[in-house]
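Some notes on the structure that comes next.
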Amino acid sequence: MTPYDKLLLENKAWAQEQLEDDPDFFNRLSQIQTPDFLWIGCSDSRVPADKITGTQPGEIFVHRNIANMVVNTDVNLLSVLDYAVNHLKVKHVIVCGHYGCGGIKASMTKHDFRAVLNMWLRNIKDVQRLHEDELNGINDEELKFDRLVELNVKEQVQNLAKTSIIQRAWKYHQQPHLHGWVYGLKDGIINPVFEMPANTHINPLYEYDDLDS
Ligand code: CO
């Protein structure tokens, strides 16, 4: 059996199991999805959003990219955010990073990863520059790495709050609540490091004052 045949076989077994537990499972889910959460996580195969949160199909809307970045020119991320906030009306948006993140680690090196990855990692280098003073004060490289993972999550949550998508939803619907979490690969535990409830003020430079409904 090829490795991908195994995936298809496992899929059949899983579908069968779902039906045994709940004969209406697929019928119900095929009609509608009403997730309360948007998850913006790292693509890392060790951080599966639904498994580590015990959520079922239909409960969590997911976007993943390298190092869980919220880049304001990323049409993919912004489309997911717009759809989740304005159509699914999610109550919470969670940016979840993880300790030991390869993307964060790569951004701490001076290595040339070639054009496309360099471009992506530049966004994380910018986070480092913003927090240069704090990071330079940490001598232990592992601790510095961990701290950058946390600071990156915090910056990405703030990047969400800088979008007119979030600011408009906050103004007219008092949601979603934004969360910054960091998952531990070594213990499986999520560490909540930052949050922004609806209508939290940010640097006025980024606040729109003429948002219409
Ligand atoms: Co990662």
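No value in this document is a laboratory result; all are computed from the given coordinates. Here the structure is a predicted model, which means the values were calculated and not measured. In this analysis, Cβ positions are derived from the backbone assuming ideal geometry, glycine residues included, and neighbour counts consider all displayed protein chains.
With bins 10 Å wide beginning at 0, the percent of Cα pairs of the range 1-113 falling in each bin runs 12, 32, 33, 19, 4, 0. With the cut-off at 28 Å, tell me which of the pairs Lys51/Lys154; Lys12/Lys51; Lys51/Lys91; Lys144/Lys171; Lys154/Lys186 have Cα atoms farther apart than that. Where the Cα-Cα span goes over 28 Å, the pairs concerned are Lys144/Lys171. Annotation for Lys91 and His111: the two label points, set 7 Å from Cα along the Cα-Cβ direction, are 4.3 nm apart. The H on the amide N of Ile66, modeled in the peptide plane, is under 5 Å from the matching H of Ser43, each at least 5 residues off or on a different chain. By DSSP, the beta bridges lying fully in the range 68-213 are antiparallel in about 45 percent of cases.
Taking the three principal axes of the alpha carbon atoms in the range 124-213, the coordinate ranges are 48, 29, 16 Å, sorted in descending order.
The loop-placed GluC sites (Glu not before Pro) in the range 111-160, going by DSSP, include none that has at most 14 neighbouring Cβ atoms within 10 Å of its Cβ.
Pick out, in residue order, every one of the trypsin sites (Lys or Arg not before Pro) in the range 1-63 that is DSSP loop and has at most 14 other C-beta atoms within 10 Å; say none if there are none. Write down the numbers at each step before the final one.
Values: sites: Lys6, Lys12, Arg28, Arg46, Lys51; in loops: Arg46.
Answer in residue order: Arg46.
Here the relative contact order of the chain, from alpha carbon pairs under 8 Å that lie six or more residues apart, stands at 20 percent. Note on the chain: Cα Rg divided by 2.2 N^0.38 Å, N the number of residues, gives 1.13. Report the calculated FRET efficiency for Glu132 and Tyr4 (r = Cβ-Cβ distance, R0 = 35 Å), to the nearest 0.05. Given R0 = 35 Å and the Cβ-Cβ separation, E is 0.20.
Within a Cβ distance under 14 Å of Leu148, other residues only, what is the Lys/Arg minus Asp/Glu net charge?
Details: positive: Lys105, Lys125, Arg129, Lys144, Arg147, Lys154; negative: Asp126, Glu132, Asp133, Glu134, Asp140, Glu141, Glu142, Asp146, Glu150, Glu155.
Around Leu148, the surrounding residues sum to -4.
Would you mind classifying the range 1-65 by shape? Square roots of the alpha carbon gyration tensor eigenvalues, ordered a ≥ b ≥ c; an a/c under 1.5 is rounded, otherwise it is prolate if a/b is larger than b/c and oblate if not.
Numbers: a/c = 2.34, a/b = 1.08, b/c = 2.16.
Here the range 1-65 falls in the oblate category.
When all alpha-carbon pairs of the range 51-177 are counted, what percent fall beyond 27 Å?
Working: 2037 of 8001 pairs.
The proportion of pairs with Cα distances above 27 Å equals 25 percent.
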